[in-house]
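First up is the structure itself, then whatever we jot down about it.
Any read-out appearing in this document is the output of simple, stated calculations on the displayed coordinates, not a laboratory observation. Everything numeric in this text was worked out from a predicted model, so none of it was measured. Note that each Cβ is placed from the backbone with ideal geometry, even for glycine, and that neighbours are counted across all protein chains shown.
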2 protein chains.
Amino acid sequence: MMKKVKAAISPTREENYPLWYQQVIKAADMAENSEVRGCMVIKPWGYTLWENIQKNLDVMFKETGHENAYFPLFIPKSFFEKEAEHVEGFAKECAVVTHSRLEDDGKGGLKPAGKLTEELIVRPTSETIIGASFSKWVKSYRDLPLLINQWANVVRWEMRTRLFLRTTEFLWQEGHTVHETKEDALEETFKMLNVYVVFAEKFLAIPVIKGEKTESERFPGAVSTFSIEAMMQDKKALQSGTSHFLGLNFARASNIKFQNKEGCEEYAWTTSWGVSTRLIGALIMAHSDDNGLVLPPRIAPLHVVIIPIYRDKNEHKEVMGFIDQLTKKMKSLRFDDNKIRVKVDDRDMRGGEKLWEWIKKGVPIRLEIGPRDIESNSVFMGRRDKQPNEKQSMNSDKFLKNITSILEEIQNNIFQRALQLRDENTMNIDKKDEFYNFFTPKNKKNPEIHGGFANSHWCGSSDCEEKIKNDLKVTIRCIPLEAEKEKGKCIYCGKESDKRVLFAKAY
Amino acid sequence: MMKKVKAAISPTREENYPLWYQQVIKAADMAENSEVRGCMVIKPWGYTLWENIQKNLDVMFKETGHENAYFPLFIPKSFFEKEAEHVEGFAKECAVVTHSRLEDDGKGGLKPAGKLTEELIVRPTSETIIGASFSKWVKSYRDLPLLINQWANVVRWEMRTRLFLRTTEFLWQEGHTVHETKEDALEETFKMLNVYVVFAEKFLAIPVIKGEKTESERFPGAVSTFSIEAMMQDKKALQSGTSHFLGLNFARASNIKFQNKEGCEEYAWTTSWGVSTRLIGALIMAHSDDNGLVLPPRIAPLHVVIIPIYRDKNEHKEVMGFIDQLTKKMKSLRFDDNKIRVKVDDRDMRGGEKLWEWIKKGVPIRLEIGPRDIESNSVFMGRRDKQPNEKQSMNSDKFLKNITSILEEIQNNIFQRALQLRDENTMNIDKKDEFYNFFTPKNKKNPEIHGGFANSHWCGSSDCEEKIKNDLKVTIRCIPLEAEKEKGKCIYCGKESDKRVLFAKAY
C-alpha cells in the first residue's frame, strides 16, 4: 500500500483553485508579476515552454506554406481607425505613444517631450499595420495566396490580469493571409484552426473542441471567428486559439486589391489566426496536480532528470561515472525528431529536496541512481504521470531501449486523463432548471467549482445568450463544427433550434 | 573568354554605395520602410536570415550556460531615471506611453484618454527593467552567476534611419548577467565578446576586430564597453556587437545585492551584451556585389536552388522526375548539423528570369537541370562566389558527394574575400598629413569612398579624439584587444602613446 504523501502545493485545487494556479507557477519558477502594471516576467522554465511551442508550431506553419516576417510595433492612429468595428473593439484598452523623448522638468525629474503629430498605438493585433504592407505587395492574382506569420509581442490594456491567461503584454503569433476567393480564405481559416487542434492535442495533450464563435464573441472586424476550447480542471473553458475569416472587411479598410484572371481589379479575401502565451496557462491548468506542474513530454524543457545518490566522494565518483555513460547513450536517442533532453542535477543539496523540485517543475521522468542501482545495472524511476512515491526499479539497458515508448505512454496518459475529465463533465442538457442547476457551484467554500460543459440548444438570439450570461456567467464558447444537426428547443426561451452549442463558464 | 555581363544592381557600388545598398535589399526582397516613421518591415527573405542568426547564436548562448527569459516591453519612468548616465544617454530618443486608451474626440476621431499616473518608456534596452527582477532573484552567492538572455524588440527614436543599420524599432538579443566578483563579470564580458567574434567569422563570414570603446562611445552607464568592428565594402567600419562590463553601476541603481560567502551583503557585478538586426546590414554590405546579395552558406535561407529547364510537358515530366530524386538525396545530407536547404523553382516563368532572381537573393548554389543534363547524369552549377556566367557541368553523384565541401568552400571564399578587402585597406599610419590624406575621398563623384582603417597612435585624450572627428568624421572604433604595446606619438597632438588604436569612418 502507498503511503499518503502531503501535497506539495498549498492550497490544493479543491481548496482554492485560483490560488493553486498561482502557487503552481511559483513552485515551478515559471513566471512572476513585474512591477509594470499587468506585465509579467517569463522566467526560464516558463520561457522554454514558449520556445518549444514556437518551435513545433513554426514547423507546422512552414509545412502549410507560411513564411515568417516582421512588422512595426506601432500603429498610427489613423490606420487603426480604418476599420470601424476593429477600433471600437480595441480602443478601450490600448497603450498610446504620444511623445518621442524625455526632458528635464525643472524639478530634478523628467517629463515627456517631442510631442508626435500623430499618436501611435502599441499593436494589440496587427491586421491594420500588416494590411498597409499587403496593399502594396498584392497586385495580381499571381501574388496570391500570400501566407505570412509573425511572432511578436502585443499589448492590450487589460483591467484584471492573471499570469499567462491575461496580461497587458503577451507573446503570440499572428498569421495573416490574403486570397483570391472567399472559398480559398475559408479553406485557410479552417486549415489553421485544424493546425491548432493537432498542436493542442498532440503536443500539449489537451483535447479541444473546435467551433464558431457567436456574434458577441467575434473578433472585432471579422466576418466569422472560430476557436478551439479546452476544459480546465475547474471545469471552466479556456479559449486556446482563434482563426478568423475576415471577408473583405480588412481588404476594404487597407485597400488590398488585386487584378483577377479576367483583368479586373477586386478586393482580396483575408484571414488571421493566432495563439499566445495563454497556451502555457492552458497547459498548467489542464494537467497540473496538487504536487505542481505536469508536463507532456513533447513540450517539456527536460524529458529526464537524473539525481545521483551517494554518501561520500568515492561513491560520488562511481555514481557520476555510471550516469555519464547513461546520459551519453540517452542523448544519442530521439523522441520524435528531437534529441532526448536530459539533465543531471548534481547540486550540493539533499536528494529529496531535489526530487521535489523536479516534481513541482513537472519533468516527465526522474531517475535516482546510487551505488545499489549500479550494482544491479538499474535505474530507479519516478514518472510524473504517477504518484511521487510510486517508483520503479528498471534494468538500465531496458530503460534505454524503452525510453521513447515510456515518454509516449506518459504523453498519452496525460492526454487521456484530460479527455476523461472533459467527458465526465460534459452533458447534453435540455431542461432549463437542470441547466441552471448544472452551473451552480455545489461547494460554498469553492464557488468556482460547478458542472462543466453543457451541450444545449440555442435559438440563435443574442438576447437569450446575454440573459444566460447575466444569470450564470455562462457563455456560448462555440457552436461546435462537429455537432450534428438535431431538432430541439432553446434552453432559455424554448424556441426551435437545430443544433446544440457549447455552454460553459470561461476564462 | 567570359562575356561581360551587365550588373543586375543599379547603381553599382562604385557609382553610389548608399543607393546600391538600398537596391540590393530591394532586389533581394529583404525589407522595406513602413509607413511608421523609422520602422521597417522585415520581409520573409530578410527575416529568415534573422531566424538563422537567432538559431545559431542561441545554441552558443546555451552552450555557455545562458537561459532565455522575457521581461516587460515597458519601463516605468522612475526605473529609467535610476542610473544617471543611462537615462542621459537614452532620454533623448525614446517612445513615451502616456495614455491607456482612445476615446471619441467629438469630431469623428479619437483622442488619447486614460492618462497614466506614471509614464512608461518603450524599452530602448532593458538593464533597468531586468535589474528590478534581478534584485529579487539574487539573494546569496549561491544564486550566482545569473546568466540570462532575452530575444526582443527595442525602440530608439533615431533621427536618421536606414534599413537594418539604424531603425526606430529593431530586433535584438540582450544578455544580462550577475556575478559574485569583478573578475567573474569581466570574464563573462570577454567570453560573450568572443562568442560574437566566432559567430561573425564562422557564420556570417565577416572578419572582425575586437576592442574596447573609448569613453565617448561607451554604453551609457557602463564601466567599459567592448565591441566587434567589421569593414564594409565602402571601407567604413560597422560596429556589429557590443559587450559591456557594468561594474556595480546598475547593481547600485537597481539594488542588486547578495550575501557573500562570509555572510556580508554586497552589491553584485553585472554585464550586458547584444547584437541586433544590424548584423543583416553588415552581412549585406560586407559581401554583396553588383549583382546583389551574396550569402554565406551557413546563414543562407537556401543552400541550393534548382531550376528545371524544359520545352514541353514531356520534358517537364522527365526533368521533374530526375530533380525529385536528386532533392530527396540532397535533403538527407547535412551541412554542419543542418539539413541541406534546397528549393525547386518550378514557377511558370522564363528560366533566365528565375536565375537572376536567385542570384540577386544570394543563394550559394544554383543548379539548372534539363534533358541534356539528365542524359549525362549531370547538373549545371552556378556558384554565388563566382561570376554569374561562370557555370560548370558536374556529374550529379559527384555533386552530391561534394556538396558539403562545395558549401564549405563558398563560405571560405566569401570570408577570405572580406578579409582581403580589410587587409588591403588597413594601414599603420604615423604621420598626421598622411592620416588626413588617407581619410579624404579621392573620387569626387563618390565622396563616401576613402582609405579604410588606420591603426594610429592616440594619446588618450578626448580632445584629440573629438578634433579628428570634427575634421574628418573619423572616430576611434576601438582600442584593439590584440594590439601589442608599442611606443609612439599621438597622431593628432604628438604626445606619447603606448598603443595603436583603430580609426575609421563608421556607420
Percent of Cα-Cα pairs more than 34 Å apart in the range B:17-287, please. 22 percent
Please state, to two decimals, what the Cα-based radius of gyration of chain A comes to when divided by 2.2 N^0.38 Å (N = residues). 1.10
Relative to a virtual label point 7 Å from the Cα of A:Glu63 in the Cα→beta-carbon direction, which members of the range A:269-284 show backbone nitrogen distances below 19 Å? A:274-275
Placing a label point 7 Å from Cα toward Cβ, how far apart in nm is A:Asp143 from its equivalents in the other copies, listed shortest first to one decimal? 5.2
Residue-averaged beta-carbon neighbours from other chains (10 angstrom radius) around B:71-82: 5
If R0 is 56 Å, what FRET efficiency do you get for A:Asn395 and B:Lys317 from their C-beta distance, rounded to 0.05? 0.55
Stretchable slack from B:Gln420 to B:Ile309, in nm (0.36 nm times residue separation minus alpha-carbon distance): 36.2 nm
In the range B:411-504, the GluC sites (Glu not before Pro) that fall in loop regions by DSSP, at most 11 other Cβ within 10 Å: B:Glu482, B:Glu484
At A:Thr181, label 7 Å along Cα→Cβ: distances to the other copies, nm, ascending? 7.3
Normalised by the empirical 2.2 N^0.38 Å for globular proteins, what value does the Cα Rg of the range A:142-296 take? 1.16
If R₀ is 25 angstrom, what is the calculated FRET efficiency for the pair A:Lys467 and A:Arg166, using the beta carbon separation as r and rounding to 0.05? 0.50
Based on alpha-carbon centroids, what's the gap between the range A:466-486 and the range B:107-126 in Å, whole number please? 37 Å
Copies of A:Ala506 compared via label points 7 Å along Cα→Cβ give distances in nm, shortest first, of 5.3
Let's test the formula: R0 of 35 Å, r as the Cβ-Cβ distance of B:Glu103 and A:Ser224. What FRET efficiency results, to the nearest 0.05? 0.75
Average beta-carbon neighbours from other chains, 10 Å sphere, peptide A:109-115: 5
What value, in deg cm²/dmol to 500, does the helix sum -39500 (n - 2.57) over DSSP H runs of n ≥ 4 give at 222 nm once divided by the residues of chain A? -10000 deg cm²/dmol
Within chain B, which whole H helices from DSSP have a Cα span along their axis of at least 27 Å and a mean Kyte-Doolittle hydropathy of -1.0 or more, if any? B:44-63, B:396-424
Calculate the tail of P(r) for the range A:304-406: the fraction of all Cα-Cα distances greater than 15 Å, expressed in %. 60 percent
Taking the Cα of A:Leu248, stepping 7 Å toward and past its beta carbon, and measuring to each backbone N in the range A:266-281: which are under 11 Å? A:266-269
DSSP bridge orientation in the range A:426-504 - percent antiparallel, rounded to nearest 5: 75 percent
Sort A:Leu367, A:Leu146, A:Leu204 so that the residue with the fewest other Cβ atoms within 10 Å of its own Cβ comes first and the one with the most comes last. A:Leu146, A:Leu367, A:Leu204
Evaluate peptide B:47-59: per residue, the Cβ atoms of other protein chains within 10 Å of its Cβ; return the mean as an integer. 1
